[in-house]
Each structure stands twice: as structure tokens, then as C-alpha cells.
Amino acid sequence: MDIEVKMPDIGLDEVEVIEILVNINETVELEQGLITVEGDKTSMEIPSPISGVVKNICVKVGEKIKTSSLIMVFKVKDATSCIRKEKENCLDENIHLNFKKNSKEDNFFHATPVVRRLARNLNIDLCNIIATGPKNRILKEDIELYQNNIKDNILKERKKMDSNYYSEEKIEELKLSDIQNIIGNNLHKNWMNIPHVTQFDEVDITNLEEFRKKYNNDKKIQKETSNCITILAFIIKVVAYALEKFPIFNSSLTIDNKKIILKKYINIGFAVDVNNDLFVPVLKNVDKKNIEQLSSELILLSEQARKRQLNISDTTGGCFTISNLGGIGGGWFSPIINSPEVAILGVSKSQIKPLWNGKEFIPSLMLPISLSYNHRVINGAYAARFITYINKILSDIHFLIM
Ligand code: CAO
């Protein structure tokens, strides 16, 4: 059956056909654009009121047409089934079919192709939009308003769900401290700006712990418990050795990322947990101090951090940072680099594990370490050598005297 499609009343006496959007023999869906017409101030896509195959195109580009001018002839199998029921009330009453006329004036809409495209892209049905333009025309602003209302409703709905879930008696709101805000912003900036890679390793510290315990027992016997040394002091010293051997780890990047600044001093920061706030005091000239000196400075700076009495000079000038969570517990973690430094060492809790010595499994105290490095500055092979070097010296502290 053939059906004629005519030009709807779009509120203009005469319009020019500026584009034909379909071809003869093309199968066209309901509401698919057929032609674009242009009036004095606006252009508009004329949607198809039916689905079917285009049999004849009765207009040409550049032709002036009026309301009710014949646009096209469609071939359809079944005139009633070609109009989708659910869309029926969206049909423009002024699009004339020779067998049917939509009488639902309320649902009449006009919109420019730009607006229709916008609606299509946002998956918005024009039938749902309240038109505020002249002659019931849907404007871009109407679509935006509708879109914003949807967003508002979603937010309201989400808030409602959240408040149902977290009723006020069940939650407590805590404000982040100023320090948390500052640290959080820095961490976020570093995480976003530095291409992080984390290399993991496990160090056999059985001998080191044996030595440390012996040393601390002597101190206890001499009633010098304040001089007891933790594993961290050894790690700091070993890292200083490694920084000397692998100077690129003792560097920083200029802000424009164009130059590497190699440092000729070794200052190492260590993270201190103070009631959920994080401080990083810096031990200066680590390479020039022995482990006992480093340990007493470490204890002093940790105490000052806990009392929140660190000076600015205590927390600046670091070349490399160590974050030791091993006193608390947990396995490996990926520390975030403390820019402008280019690497950080994370230390986790040591555990006894069976270690194969070629003949048998030996119970060994294994210390998990994780090295995050700035991949812009340091390549993976170099980082693997660096962590392997740290592993070697920590496993056998005789290397410290070499
Ligand atoms: N594995 C096993 N035991 C460890 C260990 C490890 N990796 N690190 C420390 N220990 C041991 C110490 O040797 C000590 O044992 P002894 O009593 O036998 O000597 C005990 O745990 C307690 O050590 P400590 O934590 O008090 O001291 P420390 O020098 O190792 O660390 C400090 C000092 C200030 C770094 C630490 O107290 C701290 O605050 N750590 C948290 C760091 C942090 O928050 N990092 C996260 C930053 S990112 O959010």
C-alpha cells in the first residue's frame, strides 16, 4: 500500500528544502529524519510519521514548499502496523497521512535538527519535553532543563536512599584535620602526576635480627634501654648506602619534568603515624652517621612528631622516604612517592618463612619491602638492581663495613 507523506505545519508559510536525508528504496524508521527545511531564522528536520520503504521523493533540494506539500510516497505492507503504538501519541498532528490524522494537539512539537540531535544523543524522547519556544518549539534550553531535572531527581533519589541507609543515629560525620587535608592533597597530586611502579622483594633478616636482639639485650643489661635499636635504623643506613651506589634514586625532577637534579647529600625521611595524621621527619646526612646516632635521632624525631613539635627544618630537605608499617602489621603495600623525590621504600611486617638453601628449608625471618619509583626517571632494570642491592646488604650486614 502507498502512503503519502506531506509537509507538516511548522509555523512558517514557506520553507526551503535544504537537504534530503533518505534515498529511494531505503527502509525508513518512524521518526527518522526525511528532509531538512530552512525558514527565515531556523532550520528543521522533518521526521517520518511512519516506517516503510521510500517509493518516491517528491521534493528537490532548493525547492520552496508549503504546509501540506507532498514530500514523499512510502510503500508499506500494513498501514496500521507501520505506526508503532507506543509512539503514536508523539506524532505531529500536522503531518498528514492520506489515511489517518493524529488529533492529539497536546503532543505536537517542533524542534530544529540540532535540538533533535541533542535529544537523540542524550537518549531523551522529545515527547517528554516541555517546549518553551515560539509556536510550541522545543529549544536547546528545554532539553538542558529536562536533563538537569533528571540529574536532580537521580541525586535526590540517591540522597534519599543514602539517608535511609545511613540514618543519623547510625553514622557520625568527622571533618578531616588540616594536616589530613594538606597531606591528602599532596598524595593525590603525586599519585596523579607521577608514573608509579612498585617493585616488591623479601629480605632474609634472620642474621640482622639476631644481631639487633643481642645488641639490645646488652643495652638492657647496661640499663640503657633508650639506646635500643629498631630494625628501621638499619634499613635507613642500608638505604643510604644504596643511594650512594645508585645516585639516580637520590635525585628530583624539575617542575617542568625536563631536568634531573642529582643531590650530593643524603637526607632520608621516615613516615611517623600520629593518631591518623602523618608526619615525615627527615634525618640529615645519613651517610655521615652511624646506626647508633641514626637510631637516637630517629627516636627523638618520632617523639617530637608525636608531640606535634617538629620544626619546618625537621621535615624538609628529604631525598628519599621510608614508610615502615611493620611495627603495626600487614603485608606488602604500594607507597606513594613524596615528590619531588623519585622513590620511596615501604617496609612491612617480617615473618618467619621456610627458605630453601639448596638442601633444605630453613626457618627464616623474611622482611617484605616495596619500592615505588618514578618511572619517568628510573627504569625498571635499575630499580630491580637497587632493591636487590638493599636486599643483599640487609641480609648480610657485613657488607655495611665494606
Ligand atoms: N617487621 C617486624 N617488626 C618490626 C618492623 C617490621 N617491619 N618494624 C619495626 N618492627 C619492630 C621493631 O623492631 C620493634 O621491635 P622491638 O621492640 O623488638 O625492638 C617494634 O616493632 C616496634 O617498633 P616501632 O614501630 O616502635 O619503631 P620503628 O623504629 O620501627 O618505627 C616509627 C618508628 C615512628 C616509624 C613507627 O612507630 C611508625 O609510626 N610507623 C608508622 C609509619 C606509617 O604510618 N607509615 C604509613 C605512611 S603512609 O600512610
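The values are calculated or read from the model by the stated rules, or taken from the named source; none is laboratory data. The structure presented is a predicted model; accordingly, all values stated were derived computationally and were not measured. Cβ sites come from the backbone with ideal geometry, for glycine too, and all protein chains shown count toward neighbours. Areas reflect the complete protein model, heavy atoms only, side chains present, ligands, DNA and RNA absent. Shrake-Rupley method; radii C 1.70, N 1.55, O 1.52, S 1.80 Å.
So for the range 243-250 (the condition being more than 15 Å from Val342 (Cβ to Cβ), in contact (Cβ under 8 Å) with a residue 12 or more places away in the chain and open to solvent by 30 Å² or more (accessible area, probe 1.4 Å)), does at least one residue qualify? Yes - at least one qualifying residue is present in the range 243-250. State whether the residues of the range 139-151 include one that is open to solvent by 100 Å² or more (accessible area, probe 1.4 Å) and within 16 Å of the ligand (Cβ to nearest atom). Looking for residues that are open to solvent by 100 Å² or more (accessible area, probe 1.4 Å) and within 16 Å of the ligand (Cβ to nearest atom), one finds none in the range 139-151, hence no. Candidates Ile194, Ile221, Ile231: the one that is touching a Lys or Arg at 6+ places or on another chain (Cβ under 9 Å), modelled with pLDDT of 90 or more and either open to solvent by 100 Å² or more (accessible area, probe 1.4 Å) or under 30 Å from Pro354 (Cα atoms) (or both) is Ile231. Where strands (runs of 3 or more DSSP E) fall wholly inside the range 275-394, the ranges with 3 or more residues that are modelled with pLDDT under 95 are 277-279.
Per the conditions (1) within 12 Å of the ligand (Cβ to nearest atom); (2) over 23 Å from Ile336 (Cβ atoms); (3) within 36 Å of the chain's Cα centre (by Cα), the sole criterion not satisfied by Gln309 is (1). Restricting attention to the range 283-304, the residues that are surrounded by fewer than 16 Cβ atoms within 10 Å (Cβ to Cβ) and among the small types (Gly, Ala, Ser) total 1. Counting only strands (runs of 3 or more DSSP E) that fall entirely inside the range 225-271 and contain at least 1 residues that are within 16 Å of the ligand (Cβ to nearest atom), the qualifying elements are 268-270. Among residues of the range 313-351 being over 31 Å from the mean Cα position of the chain (by Cα) and within 11 Å of the ligand (Cβ to nearest atom), the one that is surrounded by the most Cβ atoms within 10 Å (Cβ to Cβ) is Ser350.
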